[in-house]
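Chemist: Please see the structure below; I have some questions.
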Amino acid sequence: MNTSASTSAGTSGEPAANPPSVVAAAEQLIDGWELVVGLEVHVELATKTKLFSASANRFGDEPNTHIDPVTLGLPGALPVLNRQAVELAMRLGLALNCRVQPCTFHRKNYFYPDLPKAYQVSQYDQPLNVDGFLTLPGDVRIGIERAHLEEDTGKSTHFGGTGGRIHGSDYSLIDFNRAGVPLVEIVSRPDIRTSEQAKQYVSELRAILLAVGASDAKMEEGSMRCDVNVSVHKPGTPFGTRCEIKNVNSIRAVGRAIDYEARRQIDIITSGGAIKQQTLHWDDAAGRTNVLRTKEDADDYRYFLEPDLVPLVPDAAWVERVRAALPPLPAARRASLATLTGQSKESEAVAVVVERGQDAYVVEVAKVGGDAARALVYVQQGFAQEPAAPRVPAGDLAALTLLEKNAKITATQAKTLLADLVAAGGGDVIAMAKSKGFEAMDSGTLEALVDAAIAADPDAWAKFKAGEQKAMGALVGAVMKSSKGKADGKAVSALLAAKAAE
Amino acid sequence: MSTAPRRSVVDVAAAVAGGTLTATHVLEENLAAIAAREKEIHAFNLVTTERARERAARIDADVKAGKNVGRLAGVTIALKDNMCTRGVETTCSSKILAGWKPPYDATVVRRLADEGAVFVGKTNLDEFAMGSSTENSAFGPTRNPLDTSRVPGGSSGGSAAAVAAGFATASFGSDTGGSIRQPAALCGLVGVKPTYGTVSRQGLVAFGSSLDQIGPFSTTVADAALLMEVIAGHDPLDSTSIPQPAPSLVNVLAQGVSGMRIGRITDMPEGSSPDVLARLEAAFDALRAAGATIVDVTMPSMSYGLTAYYLVAPAEASSNLARFDGVRYGLRVDAQDLNAMYGATRAAGFGDEVKRRIMLGTYALSAGYYDAYYGKALKVRRLIADDFAKAYEKCDVMLTPTSPTVAFKFGDKTSNPLAMYLCDTFTIPTNLAGHAAMSVPFGTGEAGLPVGVQVLAPALGEAAMFRVAAELERAS
């Protein structure tokens, strides 16, 4: 769905339509207050080199090994824009249904030791990608205002003193490996109305980033970072004053920080106070926000056009090449996997398998004759540690789905075989089933075992016949035991039900 | 009064490559002149004697061995001390960069070296190229070799003085608002400000990034043409570099000016001294006599150039010079916390003029003032470009004085920044428009001091500009 929407938005040359003003459903209000959330997400692009120099873009290496005159802001060094970074940023913009436009770079001026030039090269009033949207489960559209290119700063570590802050520390060390790494900042419109939607937004954005290969999007390594803007108001009145929360480093923290901040703001307003525009710091351990700075002492960044770079005008052919090369996006992949397997596109199995990128594998299993619904469950449950392209040949997994589907083995036995199959990286499942002595019992043998169980526990049988479903467990358990696990639990239940109805 | 030999680039390169003169001989002449007069002139922040001798010896050996030695074999060159030279101190005549040795060469430096040039040293300048007299150097002023009671102009005063005093065959400066052309005029030299984007800025310590260009000082127009051919042309390391090869200039010099249209600006800003205006008239006469037509043009926005420049250039400078923060290189004055260290370092490291311009520029870009100052300056910049475009519909090049006066005395303008800024009235509009211009010596004025005539040309109009400059040289 996203794919077709992005195509139509782009070929017409028109900006994607903004979603209608989003209003929270009554059950989403908090004591009558509506939450309004916008997200600013920074992602590091998975380029070979930095945004403006040839140093490697690599995380986790020895500090200050990927540096050069441009990275360090040495006098006389000039930036040269990385084409791959532009292409990945465009790819992401197109995946977010944005319009790609001619754009410029600005300098954002401020002093800090890990900002080598004392300005960050970023995009200001003419960003690369504008006016897109992202669709959440339940077809909720969240507008994307812009997704622009900028450079990352170095990383400071402060030693001594309190709380890892520069003020009061004994000394600080800076690693410039990260300085100049290309970032895209994705700014949403304030269309998010619940903390759950915010989490879904980050999760969906992450899935898109992975799908298009724009970033590894690892929140724990900082290659994806969220700033959350939160305000509250009564529905039908203007938006409230917003606060920006920084340092929100996991999807779970996004939800917690929003819930905490909404409650804090509502409590202030309802006790007669007013919200001050502030930048807050999320303390995940303490589960609360702290004030970093208020609007009055905000920096004046003195933005102006970066004179060392020329305007970036991606030609139409380039944009179309990038668009044509876009892989199917998560929403579309979830929809087609749901259709194939007969599941809801919001189901966890569908979401998990698509996120792992194993949906193509499920399709392949179905293609070679396997049962798609069972394949989905097997992959969800058994392939968590497997790569997007699992080692188990599709044909082997297809054979396993058929064994279970055709009642040659029980669900329990299938689970055991699945584990063996994954551990071995494939195998002849029929031979494996035989060697384990797995075979579904013929109905005569099974019925005899059921009868024996009823005879052995007349009490339970009486209770079950009287409608006590709990009593069934004891009888099924007895049959499983007497069959040494070879009986199919579902078949036993069905047989018991049939006998009770006689 | 100078007794040093004044050799031309063209002659030296031909003679050294041809084996009739050694690079070592040329260099030793320069070093002898330096020994005799540098103490008095102070053209250099650093003379790289040993490196230069090694390099000259290598070139002489290569000539003997029959190797290709390049188009500038043995040509001695002085570099303004804001161009990065690998392993050689590059200070911008500022205490904040004293001792800093770049790990790389500027593209211009590399191109010159590749053609066999011999670098004599790094020349003095107004700190970070901010000034018109070289009196703003943290290491003391440079004196005009033609009259040591007078300034050599600025900011590339050291580069101009080095050539005028025979310390080098040619030199290079940078021109943000006139910093090559004005000292060239005041020292009796040819000085070129190329079209923006013609010469790579990679390795030039930035002052006003959208205005800065590197260009040559030489004793002849032909020398300047050859030097331009060597340094110009696309550089992938500078994103503002025009993707074109260097222009052919040497072979246009003999073409004359017959049929060319020379613009005379009827509403030129006032304030030039009569001796300078007399030489400008003589230049028009000479070109007319050589077959050119003189046409009247107007440049109504020209007089606003100075004001616009003193917003645009300081704004960019305030950002460009923010990196000198004591964290990674250069001077650091320790203090009790980060902000105090920044303050103490920059207070001790920068001179008054640099501080003045950083404050001007910061103010011009500040929230609430941007539109009234920086924003408006950008509009004026556009107006000037529009006026130039209209004028160039009627003419091929225009002539103005380079400087309103001949070289002035030390201290004449230091107490009045505005008077100093007015030195650049005629040169600044070219930088704002990104066009080409050069100063050509054309006789003398008051006190027998040289007067420079400025030839203005549109973007990439270097060939026409050099034809006119060569004609003026023939007529002077």
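Chemist: Just the number: Rg to Rh for the range B:134-271, Cα atoms, Kirkwood Rh, two decimals.
Modeler: Across the range B:134-271, the Cα-based Rg/Rh ratio is 0.99.
Chemist: Right, another one. In degrees from 0 to 90, rounded to the nearest 10, what is the angle of the helix A:411-424 Cα long axis to the longest principal axis of chain A?
Modeler: Between the helix axis and the principal axis of chain A, the angle is about 50 degrees.
Chemist: So, R0 is 22 Å and r is the distance between the beta-carbons of A:LEU173 and A:ARG58; what FRET efficiency does that work out to, to 0.05?
Modeler: So, using R0 = 22 Å, E works out to roughly 0.75.
Chemist: Taking Rh as the Kirkwood radius, which is the inverse of the mean 1/r over Cα pairs, what is the Rg/Rh value for the range B:311-378?
Modeler: Numbers: Rg = 13.3 Å, Rh = 12.7 Å.
Dividing the radius of gyration by the Kirkwood radius yields 1.05.
Chemist: Taking 60 Å as R0, compute the FRET efficiency from the Cβ-Cβ separation of A:VAL291 and A:ALA474 and round it to 0.05.
Modeler: So, using R0 = 60 Å, E works out to roughly 0.50.
Chemist: A follow-up question, please. Please order A:GLU204, A:GLU40, A:GLU320 by the number of other Cβ within 10 Å, starting at the fewest.
Modeler: A:GLU320, A:GLU40, A:GLU204
Chemist: With just the Cα atoms of the protein assembly as shown, tell me how far they stretch along each of the three principal axes, in Å, largest first.
Modeler: Here the spans come out as 132, 76, 58 Å, largest first.
Chemist: Count, for each residue of A:109-117, the Cβ atoms from other chains sitting within 10 Å of its Cβ, then give me the mean as a whole number.
Modeler: 4
Chemist: Looking at the P(r) of chain B, how many percent of alpha-carbon pairs lie beyond 29 Å?
Modeler: On the way: 49544 of 113050 pairs.
More than 29 Å apart: 44 percent of the Cα pairs in chain B.
Chemist: To continue, here is another question. Which value, in nm² and rounded to one decimal, describes the direction-averaged projected area of the C-alpha convex hull of the range A:330-435? Walk me through the numbers on the way to the answer.
Modeler: Working: hull surface 23.3 nm².
Mean projected area of the Cα convex hull: 5.8 nm².
Chemist: Also, quick follow-up: Viscosity 0.692 mPa s, temperature 37 °C: give me the Stokes-Einstein translational D for the range B:187-239 in µm²/s, with Rh taken as the Kirkwood radius over C-alpha pairs.
Modeler: So the translational diffusion coefficient is about 279 µm²/s.
Chemist: For the residue pair A:SER493 and A:GLN84, what label-to-label distance in nm results when each label sits 7 Å from Cα along the Cα-to-beta-carbon direction?
Modeler: 5.3 nm
Chemist: Out of the trypsin sites (Lys or Arg not before Pro) in the range A:332-427, which ones are loop residues according to DSSP with at most 14 other C-beta atoms within 10 Å? Could you put the intermediate results ahead of the total?
Modeler: Working: sites: A:ARG333, A:ARG334, A:LYS345, A:ARG356, A:LYS367, A:ARG374, A:ARG391, A:LYS405, A:LYS408, A:LYS415; in loops: A:LYS345, A:ARG356, A:ARG391, A:LYS408.
Counting only loop positions with at most 14 other Cβ atoms within 10 Å, the trypsin sites (Lys or Arg not before Pro) in the range A:332-427 are A:ARG391.
Chemist: Measure off 7 Å from each Cα along the Cα-to-Cβ vector at A:LYS276 and A:ALA298, then give the distance between these two points in nanometres to one decimal.
Modeler: 1.5 nm
Chemist: Semi-axes of the equivalent ellipsoid of the range B:228-383: what are they in whole Å, largest first, if each equals the square root of 5 times a C-alpha gyration tensor eigenvalue?
Modeler: For the range B:228-383, the ellipsoid semi-axes come out as 42, 23, 16 Å.
Chemist: Can you show me the helix-derived [θ] at 222 nm for the protein assembly as shown, built from DSSP H runs with n ≥ 4 at -39,500 (n - 2.57) apiece and divided by the number of residues, rounded to the nearest 500.
Modeler: Here the helix-only value at 222 nm equals -12000 deg cm²/dmol.
Chemist: Something else: Looking only at other chains, what is the average number of their beta-carbon atoms within 10 angstrom of each beta-carbon in A:305-311?
Modeler: 6
Chemist: Let me ask something additional. For the range B:449-472 and the range A:113-165, what is the separation of their Cα centres, given in Å?
Modeler: 49 Å
Chemist: What average number of partner chain Cβ atoms lie no more than 10 Å from the Cβ of the residues making up B:100-107?
Modeler: 3
Chemist: In square nanometres, what is one fourth of the surface area of the convex hull spanned by the alpha carbons of the range A:461-502? Walk me through the numbers before you get to the answer.
Modeler: Values: hull surface 10.6 nm².
If you wrap the Cα atoms of the range A:461-502 in a convex hull and average its projections, you get 2.7 nm².
Chemist: In whole Å, what are the Cα extents of the range A:2-324 along the three principal axes, biggest one first?
Modeler: 57, 57, 32 Å, listed from the longest principal axis down.
Chemist: While we're here: Could you work out how far the C-alpha centroid of the range B:135-210 sits from that of the range A:252-305, in angstrom?
Modeler: Here the answer is 53 Å between Cα centres.
Chemist: Students often check this: by mean Cβ neighbours within 10 Å, which of A:238-249, B:188-199, A:276-287 ranks highest, and how do the rest follow?
Modeler: With the highest mean Cβ count within 10 Å placed first, the list reads B:188-199, A:238-249, A:276-287.
Chemist: Let me ask something else about it. Can you compute the FRET efficiency between B:ALA36 and B:TYR369 using 1/(1 + (r/R0)^6), with r the Cβ-Cβ distance and R0 = 41 Å? Round to the nearest 0.05. Each step should come with its number before you reach the end.
Modeler: On the way: r = 52 Å, r/R0 = 1.26.
So the FRET efficiency works out to roughly 0.20.
Chemist: Here is a follow-up. Could you calculate the contour length gain from A:LYS367 to A:LYS405, that is, 0.36 nm times the residue separation minus the distance between their Cα atoms, to one decimal place in nm?
Modeler: 12.1 nm
Chemist: Expressed as an acute angle from 0 to 90° and rounded to the nearest 10, what is the orientation of the C-alpha long axis of helix A:2-11 relative to the principal long axis of chain A?
Modeler: So the inclination is approximately 40 degrees.
Chemist: Given labels modelled 7 Å from the Cα in the Cβ direction, how far is it in nm from B:ASP114 to B:ALA290?
Modeler: Output for this residue pair reads 3.2 nm.
Readers should treat all values here as calculations from the given coordinates under stated rules, not as data from a laboratory. None of the values given here were measured: they were computed from a predicted structure. With ideal geometry, Cβ positions are generated from the backbone for all residues, glycine too; neighbour counts draw on all protein chains shown.
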